[in-house]
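Shown next, in structure tokens, is the structure this report addresses.
Here, each number is a calculation from the coordinates, and none is a lab measurement. Nothing here was measured: the structure is a model prediction, and the numbers come from that model. Heads up, the Cβs are rebuilt from the backbone with ideal geometry, glycines too, and the neighbour counts pull from every protein chain shown.
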Amino acid sequence: MASIEQSDLKTNQQQLVALIDSQSLEDFIKLYRESLSTLKEYDHVELLLRASRYGLLPFVRNILNDSSALVDTNCRHSSTYVSPLVVAIRAQKHDVINYLIQEAKADVNWSCDEKNTTCLYEAIRRHDLSTAKLLLQYGAIVDKRHLQIAMIECLSPKDTETSPIALFDMLVDHHPDLLDDISRKTALEFVIRRTRWSSPYPYHHLAPLLERLVSDENCQSITHLPILSTIEPTKITTSSNIHRTQVGIIGGGPAGLMLGALLSRSGIDSIVLERHSRSYVESNIRAGLLEQATIDALNEIGAGERLLQEGFIQRNIHMQFDGERITIPLRELTQGKVATIYGQHFVLQDLIDQRIKSGRRLWFDIESVEIERHDIADDGSSPSIRFIRCGSSKEEFILCDFIAGCDGVLSTCCRRSVPPGILHTIQRVYPFAWLSLLVEALPSGKELIYSTNSTYGFALQSLRSSTHTRFHLQVPLNDTLADWPDKRIWNELKLRLKPNNLSWTLNEGPIVERALFPIHASVTTPMQYKRLFFAGDAVHIFPPTGAKGLNIAVKDVQVLAHAFEDYYDNDQLDKVNNYTTSCLPHIWQAQEFGIYMTSLLHKMDISKDYNCDNDDLMEFNKQLQRVQQQSLQNSKTLQQHLAEMYVQ
């Protein structure tokens, strides 16, 4: 009976979400009041944040009024720690913003220490002058970080009604001491460092900021004063085949595009080169299971709107061992965190669209990429990327401070630019492969099913869309597609996925895509060589059972972007030099999880690892695996650990 009640509660919460999405206020109020005593605190928080994001003020009012004893105005998301006010500011929902500040008395000085953001920071990022003024009116604290963000926005003009210089002036008017003579000099040097290698900024964007910063007194001692000439309108020089930037990024996949987006938010210029066409990148279908941290990162850079609307939220996953199915309640065990199925090609489409709209340089169809001078760190010369555009014979060059190698598992350019003996790869190869299938059929349920059968092996049912289902089958390593006709595929899926004592039907349909790929894990170190840095698949591969590839690529570039930001802000190389050391903990944690899931769910023949054919050894391994499975089935502690590792 308890499990039935729990299922009902989840259904109520999901119905409430649907009523917010459909803006059915009366039905929402009725169901919400009926569910008040049974919903968890994180349920209330999710509903309030969702209503705030969509700007639905009547829903926001009712949630706060009806659940005042359970959730308040300053509640925070379980992963990002953002408040309803921050969500409304990011979404530019001014009715909700005004209500939360003026009537609900939201904390205008909300901050996230880890990411160093505040409500005022978010308003400045969005050139939202009216919200910034309201925050200051209600006591928002201003410091030099906010002035720095306003300057970055002056260097990154957007198509908005408010000029970023108006935000800069507002901050200085409110707190004149921010721009005293000493900090004026520091601010001017900051602007010079940010613009020295970028493509020439439109001078009409830079001129107002320079006018406010330059004075006879502070100019005399500025270290980089000669560089001012490069941003004067009459002295900007360009060449048709030489391009300047701060970070050259090779590879327009998740790692490269995400790094470019993160750098843009910090006012750091970059150029992204991709060897394939835009249409190929945007249509190359790859699985995408996004952790909560990846969802948060996409939302933070403003590329998460379609994900929130179209992604398949996974509040639970199902694990099945020889027909015995259990549910791992991800959201419940992690206090509100979820995973979301959203194809990698959709993520790329969103990042590409955002970058092109912002005017940042992203070039497709690039051939013959070579990197030079990345291995000379001390002579003052710039690393160079040499390339040719498809259909052209003219060589072009990018001069930059750093190069990011995000060119994937093949790494056709970057890894071979490192001398032999520097990079070291360790790997684990499994004695089986996956047969991956895309089927034109309704998913048999809206949540992932991980299943293993001690006789037949592993199968996974995932979602591709409301009309297509993704399946994966464990198959012998040397099998070919010809070994797996449709009839055999459907028989094996039924044998491996069918649960005991449950009414469940496998929906069949035409198989529209099929592919075989071996399963292995690898890590390459170091992830850097002088001024060349690697991220994503270029330096690590994870067992797909853990679904960590894209998510760890995002973690890599978050570390790298933060290191570059520290360099350009503070002239410090410590974080840049420690990039590999900073990344390895999250990489190995993900490897451990992927290997655990793989050993838990696959029919393992470890005799091949030991180069022997020992029936006793096979039986020993089988019994150990069965104990692992039983432990997970019976232990809430183990289920919670799996849930936390799954959503991170």
- request: Putting +1 on Lys and Arg Cβ atoms and -1 on Asp and Glu Cβ atoms, find which of VAL557, PRO544, HIS472 reaches farthest to the positive end of the dipole of the range 431-560.
  value: VAL557
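In which sequence would LEU497, LEU134 go, from the one with the fewest C-beta neighbours within 10 Å to the one with the most?
Working: LEU497 23, LEU134 19.
Starting with the residue having the fewest Cβ neighbours, the order is LEU134, LEU497.
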Members of LYS93/LYS555; LYS337/LYS555; LYS498/LYS555 lying beyond 26 Å, as alpha-carbon distances in this model show: LYS93/LYS555; LYS498/LYS555
task: Using the Cα centre as the reference, give the magnitude of the dipole from point charges on the C-beta atoms of the chain (Lys, Arg: +1; Asp, Glu: -1; all else neutral), rounded to the nearest 20 debye.
output: 880 debye
- line: Whole-Å distance linking the alpha carbon centroid of the range 505-530 with that of the range 262-297 is 18 Å
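Note the full-extension length gain between ASP483 and GLU34 as 0.36 nm times their separation in residues minus their Cα-Cα distance, in nm to one decimal. Don't skip to the answer; put the middle values down first.
Values: separation 449, 0.36 × 449 = 161.64 nm, distance 5.52 nm.
That works out to 156.1 nm of additional length.
Could you rank the peptides 483-493, 531-541 by their average count of other C-beta atoms within 10 Å per residue, with the highest value first?
Working: 483-493: 14.4, 531-541: 26.8.
Ranking, from highest mean packing down: 531-541, 483-493.
Using the per-residue mean of other Cβ atoms lying within 10 Å as a proxy for protection, in what order, highest first, do the peptides 31-39, 47-55, 443-451 fall? Don't skip to the answer; put the middle values down first.
On the way: 31-39: 14.3, 47-55: 22.4, 443-451: 19.4.
Packing order, densest peptide first, comes out as 47-55, 443-451, 31-39.
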- line: Taking Cα atoms, the helix 615-634 axis meets the longest principal axis of the chain at an angle in degrees (rounded to 10) of 70 degrees
- line: Which of (i) 57, 34, 21; (ii) 45, 35, 20; (iii) 64, 31, 20 is the computed semi-axes √(5λ) of the Cα gyration tensor in Å? It is (ii)
task: Return the aspartates and glutamates within reach of LYS622: Cα separation strictly under 14 angstrom, same-chain partners fewer than 8 residues apart disregarded; answer none if there are no such residues.
output: ASP322, ASP605
task: Rank these for me by crowding, TYR646, TYR456, going from fewest to most other beta carbons within 10 Å.
output: TYR456, TYR646
query: Assuming a viscosity of 0.890 mPa s and a temperature of 25 °C, what translational diffusion coefficient in µm² per second does Stokes-Einstein assign to the range 538-648, Rh being the Kirkwood radius over Cα pairs?
result: 147 µm²/s
query: Hey, what did the chain get for relative contact order, percent, Cα under 8 Å, at least 6 apart?
result: 11 percent
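If packing is taken as the average count of other Cβ atoms within 10 Å, what order do 392-398, 254-260 fall into, highest mean first? Don't jump to the answer; show the numbers that get you there.
Numbers: 392-398: 14.1, 254-260: 28.4.
Packing proxy ranking, top to bottom: 254-260, 392-398.
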task: Given a cut-off of 22 Å, name the pairs among LYS40/LYS636; LYS144/LYS185; LYS185/LYS530 whose C-alpha atoms lie farther apart than that in the structure shown.
output: LYS185/LYS530
- prompt: How far apart, in nm, are two points set 7 Å out from the Cα along the Cα-to-Cβ line at SER24 and at GLU282?
  reply: 3.5 nm
task: Only bridges with both residues in the chain count here: give the DSSP antiparallel percent, nearest 5.
output: 75 percent
- prompt: How far apart, in nm, are the 7 Å Cα→Cβ label points at LEU516 and SER130?
  reply: 6.2 nm
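Tell me the relative contact order for the range 449-505 as a rounded percent, counting alpha carbon contacts under 8 Å between residues six or more apart. All intermediate terms of the calculation are to be shown ahead of the outcome.
Details: 53 pairs, mean separation 19.8, N = 57.
Relative contact order comes out at 35 percent.
Exposure proxy check: LEU495, LEU437, LEU473 ranked by fewest other beta carbons within 10 Å? Write out the running numbers ahead of the final one.
Details: LEU495 15, LEU437 19, LEU473 23.
Taking fewest neighbouring Cβ atoms as first place, the list is LEU495, LEU437, LEU473.
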field: Computed [θ] at 222 nm, deg cm²/dmol, the chain (DSSP H ≥ 4; -39,500 (n - 2.57); rounded to nearest 500)
entry: -13500 deg cm²/dmol
